[in-house]
Each structure stands twice: as structure tokens, then as C-alpha cells.
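Throughout, read-outs are computed from the coordinates displayed, never taken from laboratory work. Bear in mind the structure is a predicted one, so any value in this text is a computation, not a measurement. Methodologically, a virtual Cβ is constructed for each residue, glycine included, from the backbone with ideal geometry; neighbour enumeration extends over all protein chains shown.
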Ligand SMILES: CC(C)(COP(=O)(O)OP(=O)(O)OC[C@H]1O[C@@H](n2cnc3c(N)ncnc32)[C@H](O)[C@@H]1OP(=O)(O)O)[C@@H](O)C(=O)NCCC(=O)NCCS
């Protein structure tokens, strides 16, 4: 038994917010700085009342419609998020309730920007074991809530959004291989180091990052894990049709493609219009490239994540 992606959906809240819009809102930055260092031109920001489960709901409805399934058909719901609605219950349970599904296995995965590849790999293992047949895998984030809007080095980089896929049991292979890694020794270079105790936030509730350390780490592990995943499936990197790395920074994407000896024409890029949407970035990019007809049946697609933890991983698809 194998698992295959049979439906994809994405959702971005509100209108695009440009770098100039951020400067107009009082952030000491410029379009020239952000574009030249990151490739980011726009991001979407959730309204005050919109939570991760609200964004996940819209993306999930679209993925279910694309798969031709109802929410009641699902027996597994996995949500990757680092910006959950509540401490508990999980965002997966809240999404389940909003979808009107009763009884499916539902839980969250927290692997920050690698969350979607972690969640997809877990769903693949559930489905291939035969215990579950129809899974919904979602990456949903409202990173705007954990940004320090007075820290120009981080607040310009991130955006909000959600992407979802339906994964079904199949006799033909869809997910060819996957690899997941973490090294907690690097937890300090990207973190939100606060906690809640006695009704108060203890420590710092905002995202903090050593940008240059993250940059170097990301480029190295994205190339390594893609290679590992290719080797596991017996696929040469040159035979990949599409590479969809986590959309953190155009320079990270370019450096990864260069290390893998892939032309940028094979890399799906959304970071210019979405910013870094953490666990949502990979399914949002996959959704865009499938809907606009770039990714078609029969192609080989490598999905890759890297993020806080540090965590990293990849999933190779025969689409
Ligand atoms: C964040 C990042 C763009 C910063 O680029 P950098 O070249 O390392 O820039 P630095 O942090 O050294 O800052 C250079 C200067 O720009 C300034 N600067 C920082 N953010 C700025 C902004 N938004 N607008 C204008 N100037 C800014 C800094 O204050 C600094 O000024 P100084 O030299 O006067 O002190 C880059 O390190 C990066 O992309 N890292 C990876 C981040 C990432 O993708 N994280 C998520 C991974 S999941």
C-alpha cells in the first residue's frame, strides 16, 4: 500500500501587504532593503479575529473539493503549526470541529517551518501501515501574532496563510521517499523563548533569530536532505521536475538550487508574494504550481522544509 496526494488547497488572508506598506505603518525599512536581501515583496496578514484554524478551514475545504471528498470521509487530520489557536485543544481538533468531522484521529505537529514535511511524512506512514485511508494534512500559521513589529530584522520576513493536502491510500506510489531530521543543539538561533505560567507570559513572547546562522544552516541541510531523499528513492537529483523548498528567502532558494545543480526554472517560488509563512509555505507553493498547470501528473516533485528546532526534512512525490 502507498499514499498519494489527491487534492490540494491554499488560503491567504486579506490583501497583499507590500514592503512600502510596512514602511508607511512606521517600520524603519525600505522596499529596496527587503527585496534585495530576501526577495520578499508582499505578505498577507490575518485580521485580528482570524486564527490558524480559520485559515486552515479555508485551505482544507479547497483541498477536499479538489479530492472530491467530504470532511466525513477523513480518518486522520494532522495540522502543522507553531501558532496554534490555543495551548490546547489542538488546532487539528478545532479544525475538525469546524469541518464537521467526528471521530477521525486528529493532532498537531510542531516542527516550525519543517512542520508540513513532518506532518506529511507522518500521514504517509499512517496510511501505508493500513491503519488509516484518508488523511488531511495542513500547514497553517499566523506568524504575525508572534512578531516583534519593532524589530525590523524579523518582522518584514514573515506572513500568514494555510495550505492543505488530502492524502489517500493508493496502489500506485505517490510519496516515494521521505527524510526527517532535527538537532536541538541549534535551538537558540531561531525561537520564541517565552512560556505561560500563572496567567502570565514568562520570558520573551516574540520570534528571535540569528539571521546569518539560520541562513548558513538552511542552505547546507536543504541540499543534504534532498540528496538523501533522492538516494532513498533511486532518483537522480537531475531527474527532479520540480523543487519546492520552504519559502524563507530567495537567496536560500537560489543557493540550494545551485548546490543541487538544478536551474531556478525548476524551483517553485512564492516567497516574493507570500513571505515566509512557516509550515504553510510548502503546501501553498505546491497548490499554486498545481493550479497554474506547472506541476502535472507523472512528474517528480521534491518538497523541503527547514526551521526552528532546528528541524529539516524532505518528501519526494511522484505526482
Ligand atoms: C535576515 C536577513 C535578511 C538579514 O540579512 P543580513 O545581510 O544578515 O543583514 P544584517 O542582519 O547583517 O543587517 C545588516 C544591516 O541591515 C539592517 N536591517 C535589518 N533589517 C532591516 C530592514 N528590514 N530594513 C532595513 N534595514 C535593515 C540592520 O540593522 C543592519 O544595519 P547596520 O549594519 O547599520 O547594523 C538574512 O540574515 C536572512 O535572510 N537570514 C535567514 C532568515 C530566514 O530565512 N529565517 C527563517 C528560516 S526558517
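Tabulated values for the structure
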| read-out | value |
| --- | --- |
| Contour minus Cα-Cα distance for residue 212 and residue 32 (0.36 nm per residue) | 62.9 nm |
| Förster radius 45 Å - calculated FRET efficiency between residue 171 and residue 50 (Cβ-Cβ, nearest 0.05) | 0.70 |
| Global geometry of the range 92-238, whether rounded, prolate or oblate, following the gyration tensor of its Cα atoms and the 1.5 cut on a/c | oblate |
| Residue among 298, 48, 103 with the largest mean-square fluctuation in a Gaussian network model of the chain, springs linking Cα atoms under 10 Å | 48 |
| Shape category assigned to the range 2-171 from the gyration tensor of Cα positions, a/c cut at 1.5 | prolate |
| Along each principal axis, Cα extent of the chain, largest first, Å | 54, 47, 38 |
| Whole-number percent relative contact order across the range 1-138, with pairs defined as alpha carbons under 8 Å at least 6 apart | 28 percent |
| Within the chain, helix-based [θ] at 222 nm, where runs of 4 or more DSSP H residues each add -39,500 (n - 2.57), nearest 500 | -10000 deg cm²/dmol |
| Extension gain from residue 20 to residue 181, taking 0.36 nm per residue of separation minus the Cα-Cα distance | 54.2 nm |
| Distance (nanometres) between label positions extended 7 Å along Cα→Cβ at residue 291 and residue 153 | 3.6 nm |
| Gain upon complete extension [residue 72, residue 200; 0.36 nm per residue less C-alpha separation] | 42.2 nm |
| Computed over the chain: relative contact order in percent, which uses C-alpha pairs under 8 Å that are six or more apart | 26 percent |
| Order by protection proxy (mean Cβ within 10 Å, highest first), peptides 170-177, 242-249, 219-226, 265-272 | 242-249, 219-226, 265-272, 170-177 |
| The chain: antiparallel DSSP beta bridges as a percent of all, rounded to 5 | 70 percent |
